[in-house]
Amino acid sequence: MALMTRWLNPDEQQTWRSFLTASRALMETLDRELQRDAGMPHAYYEILVRLSEAPRRRLRMSELAESSGSSRSRLSHAAARLEAAGWIRREECPTDRRGQIAVLTDDGFATLAAAAPGHVEGVRRHLFDALSPAQVDQLRRISENLVAHLTGS
């Protein structure tokens, strides 16, 4: 039995397109600013942040891929560039010969610390300054709901 397509009504269509446009524009703007000001794309910044927040600034590559929302192949490519820049190093996993651990170097931490103030200001200027406190609360609750729905958590 074929399922009936539940087409979007005009309000849902407008909401969907506004959401897509706003999400893309925000991420493109933040990425452009990080490239200009810190010499790295947002994806690399996210990797450095995840490592900086991990115990001893180290994570298995598979955990890093999952937490940063990246595929393993994309993360491997990014890690090679971050390693070439001296911002991370990769070590063999002592408990799993196939696994690797990404470690944030002191240079990588310093690079992140230098980039963070400008990035946070960009997030504040482009997202939070455009919203009222009530809208910020709504956005957080909506985002948490979507994350829970999409990840099953």
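I'd like to check something: does segment 60-73 contain any residue that is aliphatic (A, V, I, L, M) and closer than 24 Å to E28 by Cβ?
yes
So if I check each of S73, S67, S62, which one is closer than 23 Å to L20 by Cα, out of contact with any Phe, Trp or Tyr (no Cβ under 6 Å at 6 or more places or on another chain) and of a type in the set (S, T, N, Q)?
Exactly one of S73, S67, S62 is closer than 23 Å to L20 by Cα, out of contact with any Phe, Trp or Tyr (no Cβ under 6 Å at 6 or more places or on another chain) and of a type in the set (S, T, N, Q), namely S67.
Can you name the residue in segment 9-41 that is part of a helix (DSSP H, G or I) and crowded, with 18+ Cβ neighbours inside 10 Å and, of all such residues, is modelled with the lowest pLDDT?
Checking each candidate, the answer is A38.
State yes or no: is S67 exposed (fewer than 14 other Cβ atoms within 10 Å of the Cβ), within 15 Å of the chain's Cα centre (by Cα) and under 23 Å from V147 (Cα atoms)?
Judged against the criteria, S67 is not a match.
If you check S52 against the conditions, is it closer than 22 Å to S23 by Cβ, at pLDDT 95 or above and hydroxyl-bearing (S, T, Y)?
no
The values are calculated or read from the model by the stated rules, or taken from the named source; none is laboratory data. Quick caveat, the model's predicted, so the values are computed rather than measured. Methodologically, a virtual Cβ is constructed for each residue, glycine included, from the backbone with ideal geometry; neighbour enumeration extends over all protein chains shown.
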